[in-house]
Amino acid sequence: MLRKVFFILILATLLTGCAGAGISQAATELTVQASDFAYNPASVTVPAGQPVTLTLKNTGNIEHDFVVDKINVTDVEASDSGPAMHHQMGHEPEYDLHFFARAGDTAVLNFTALEPGTYEIFCSVEGHKEAGMIGELIVAAQE
């Protein structure tokens, strides 16, 4: 009898653990507005280890992008605006996070940041960073 109770407890524990394994976390959703030549907000905070959906809305008169040069991320998927005719087409540096939106368009970037820290964001279109189009992405540790 004791063996049967023990078996039922083990089975219940395993089933409970498996039931939660297929549940996906809801993404943190943020929108950043890109204008000529600033991000609004200039600082965004996302949780470490959780999915993020970042929308870039370009309200400027020219193309803008959102770049983080070095950051440990996974599950990166961008839906850039328009055909793949980005300003750096053919000679893009390898950025860890990078997506763009043409003037008046919106683009979406999905990612999961893995390491807490503060990372510089900037627009890589020539002269934009120098004109002040910079900000910060804060990846916050989860309690």
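Table: residues versus (1) surrounded by 10 or more Cβ atoms within 10 Å (Cβ to Cβ); (2) at pLDDT 95 or above.
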{"site": "18", "(1), (2)": "no, no"}
{"site": "23", "(1), (2)": "no, no"}
{"site": "32", "(1), (2)": "yes, yes"}
{"site": "41", "(1), (2)": "yes, yes"}
{"site": "56", "(1), (2)": "yes, yes"}
{"site": "82", "(1), (2)": "yes, no"}
Matching residues in region 108-143 (of a type in the set (A, V, I, L, M, F, W, C) and out of contact with any strand residue (DSSP E or B) (no Cβ under 7 Å at 6 or more places or on another chain)) number 2
(1) open to solvent by 50 Å² or more (accessible area, probe 1.4 Å); (2) free of Cβ contacts under 8 Å to residues at least 60 places away in the same chain all hold for residue 37 apart from (2)
Residue 87 fails exactly one of (1) more than 16 Å from the chain's Cα centre (by Cα); (2) at pLDDT below 95; (3) exposed (fewer than 12 other Cβ atoms within 10 Å of the Cβ), namely (3)
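The values are calculated or read from the model by the stated rules, or taken from the named source; none is laboratory data. From a predicted model like this one, the values you see are computed outputs, not experimental measurements. Positions of Cβ are backbone-derived with ideal geometry, glycine not excepted, and every protein chain shown enters the neighbour counts. Just the protein is used for accessible areas: all its heavy atoms, side chains included, with ligands, DNA and RNA removed. Shrake-Rupley method; radii C 1.70, N 1.55, O 1.52, S 1.80 Å.
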